[in-house]
Structure formats: C-alpha cells, structure tokens
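Worksheet: the structure to be examined is printed underneath.
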Amino acid sequence: MAGIQLVTDSASDLTAPLIGTAPIRIVRLEVRLGDLDPAAVSQMDGAAFWQAAASYPGLPETSAPSPGDFQTAFVEARDAGAEGVVCVTLSADLSATYQSAVTAAAAVSDSIPVEVIDSRAVTLGEGLAVLAGAERAATGASLAEVAAAVRDACGRLYTIGALDTLENLRRGGRIGAAQAFFGTLLSVKPVVVVRDGVIAGESRQRTRSRSLAYVAESAAKSGPFTRLAVVHAAARDLDAFLDLVAGFFPREEILVTHIGPVVGAHTGPGTIAICALRA
C-alpha cells in the first residue's frame with residue numbers, strides 16, 4: 001500500500017473496529033499474567049483480559065517491545081509499499097517503548113524513513129492521536145504532514161480517569177507524582193489525569209459515585225471536544241457513567257471500549273477514563 005503508514009503500540013488500546021481499514025500496525029508490549037502464555041495474554045482483547053485477570057490473585061506485569069519488534073513492523077510497512085512510517089508510542093515517561101522505536105527507526109533509515117513521536121499519552125489518548133494521523137495519511141499527505149497532524153492531536157489530548165484502587169499503580173511503580181498527592185490513603189477512590197506524560201493525582205473522593213461525577217464534571221469544563229472516548233476495565237457502572245458524559249457530549253458519538261492488558265495491568269479493574277481531543 002503506497003503512502004504513509006502508522007505504527008503504534010498496544011498501549012493505545014486501538015481495536016479492530018476503531019482501526020477499520022486504516023493502515024495501522026500495532027507492536028505489542030508483553031503482558032504476563034500468572035502461568036498463562038505471555039504471548040496469548042498480550043493478544044487478548046480487553047474483555048478477555050479482564051475475565052482472565054479476575055481469576056488470578058496477583059497483579060499483571062508488562063514489558064516494553066524490543067527494537068526488533070518495531071523494526072519488523074517498519075520493514076513490513078516498507079514491503080507493503082509504504083513510502084514512510086509515522087510511529088506513535090505511549091509516553092516515554094511511562095515506558096521504554098519510545099526508545100525501542102527510536103532505535104529501530106535508526107536501524108531501517110537506509111530503506112524507509114520513520115518519524116517516531118512520543119504521544120505523552122496512553123490508552124485511547126494515544127489512540128486518538130494515531131487515528132488523527134491515519135486520517136491525514138488517507139488524504140495522500142506526506143510524511144511531514146502526517147507527523148504534524150499527530151503532533152497537533154497530541155497537543156490537544158485530554159485524559160482523566162477514576163480508579164477503583166491505587167494498588168496496581170503503586171505496586172507497578174507507575175504512580176509517580178501521584179503518590180505524594182494520595183499519600184497512604186489507599187482507601188480513597190482516586191481521580192488521576194495524564195499530564196505532561198505522567199500520571200498525576202487530580203482528586204481524592206470518598207465514594208465511587210463521587211469520583212465518577214468529578215471526572216464527568218471536570219471533562220465538561222475542559223471541552224469542547226471534537227472526539228471523545230470512554231475506556232473502562234470491566235466497570236459495572238459503565239452505563240451510569242455514560243449517562244453523565246452524555247450531558248455534555250452526544251452519546252451516539254462516544255467511542256466506548258475496554259482498557260486493554262497493557263494499561264489495565266497498571267490501573268486495575270473498575271477503572272473508567274475519558275480520553276478526548278479538544279477542539
């Protein structure tokens with residue numbers, strides 16, 4: 001396929017229905033869950049992962065793709081006729097994935113140009129930036145133009161979420177600056193945001209309903225949005241949350257999908273987040 005192709009990682013939580021026919025290749029992070037085959041776990045969709053995780057008492061673990069994994073994706077794009085690749089990764093402050101992609105891009109530079117972009121985001125925040133690039137690529141845009149579209153989208157991303165527990169983030173070492181904000185109050189229902197590429201504490205709520213209301217109210221004040229997604233980790237109160245979001249964004253236009261194994265390993269079950277693209 002001629003033109004510019006997009007490559008991203010599985011932390012973007014892009015599903016086949018969201019990708020459609022867009023030229024997007026996904027490089028998977030490894031996810032380990034008990035004695036299950038890591039390759040199988042990494043390939044699970046969100047629904048299957050949360051079903052498996054429910055029967056496993058320990059926490060999942062993740063590791064970044066190797067440069068070779070990205071190099072394979074870049075070469076496959078070249079062999080499919082791509083003139084260039086824009087590779088979008090999850091925040092470099094959360095994973096070594098970005099550096100692996102940079103190393104791989106240098107290794108193939110003599111055969112295909114690759115622009116690697118740190119989205120400074122994760123889950124469908126990252127995914128929305130990838131989709132923006134794919135839409136620009138579909139117009140026949142150049143490598144520089146597609147990369148510019150991705151960077152523009154990254155600059156307009158907004159991500160806020162309610163966690164059911166801090167345990168996964170704390171034990172996985174991804175809580176960062178949010179640890180000081182929440183302290184030892186692990187019984188609260190925390191609200192976090194992705195800010196400057198890291199997970200930061202936003203609010204401490206005593207009940208789940210208050211945390212969901214806070215997320216929706218904060219998002220409503222942060223718009224308007226051209227695109228909005230709700231991602232969740234097998235959250236039982238998803239429909240009630242969607243009702244809140246529909247108060248400021250058309251419900252029929254909300255993208256809804258599961259948080260996948262990579263992000264879910266660190267946020268834990270019950271998480272609900274809004275990932276949106278500001279106008």
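The values are calculated or read from the model by the stated rules, or taken from the named source; none is laboratory data. Remember, predicted model here, so these are calculated numbers, not experimental data. Here the Cβ is made from the backbone with ideal geometry for all residues, glycine too, and neighbour counts use every protein chain on show.
Summary of computed values
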read-out: Condition broken by Ala220, with the remaining ones in (1) closer than 21 Å to Val188 by Cβ; (2) not in a loop (DSSP other than H, G, I, E, B) satisfied; value: (1)
read-out: Condition met for Phe49 (aromatic (Phe, Trp, Tyr) and at pLDDT 95 or above); value: no
read-out: Search result, residues across the stretch 110-132 that are touching a strand residue (DSSP E or B) at 6+ places or on another chain (Cβ under 8 Å), over 26 Å from Ala200 (Cβ atoms) and not aliphatic (A, V, I, L, M); value: Pro113, Glu115
read-out: Residue in the stretch 120-135 that is crowded, with 19+ Cβ neighbours inside 10 Å, more than 27 Å from Ala233 (Cβ to Cβ) and at pLDDT 95 or above present; value: no
read-out: Every residue from the stretch 177-198 that is at pLDDT 85 or above, part of a loop (DSSP other than H, G, I, E, B) and out of contact with any strand residue (DSSP E or B) (no Cβ under 9 Å at 6 or more places or on another chain); value: Asp196
read-out: Qualifying residue in the stretch 62-71 (condition: within 21 Å of the chain's Cα centre (by Cα), under 21 Å from Gly264 (Cβ atoms) and of a type in the set (A, V, I, L, M, F, W, C)); value: yes
read-out: The listed residue being at pLDDT 95 or above and closer than 15 Å to Asp9 by Cα, out of Ala106, Ala101; value: Ala101
read-out: When residues of the stretch 249-269 are limited to those that are assigned to a loop (DSSP other than H, G, I, E, B) and touching a strand residue (DSSP E or B) at 6+ places or on another chain (Cβ under 8 Å), the one modelled with the lowest pLDDT; value: Ile259
read-out: The stretch 234-268: number of residues that are of a type in the set (Lys, Arg) and either surrounded by 18 or more Cβ atoms within 10 Å (Cβ to Cβ) or under 22 Å from Leu29 (Cβ atoms) (or both); value: 0
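Yes or no, residue by residue, for (1) assigned to a helix (DSSP H, G or I); (2) under 16 Å from Ile259 (Cα atoms); (3) under 21 Å from the mean Cα position of the chain (by Cα):
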position: Ala200; (1), (2), (3): no, no, yes
position: Ser209; (1), (2), (3): yes, no, no
position: Ala229; (1), (2), (3): no, yes, yes
position: Ala240; (1), (2), (3): yes, no, no
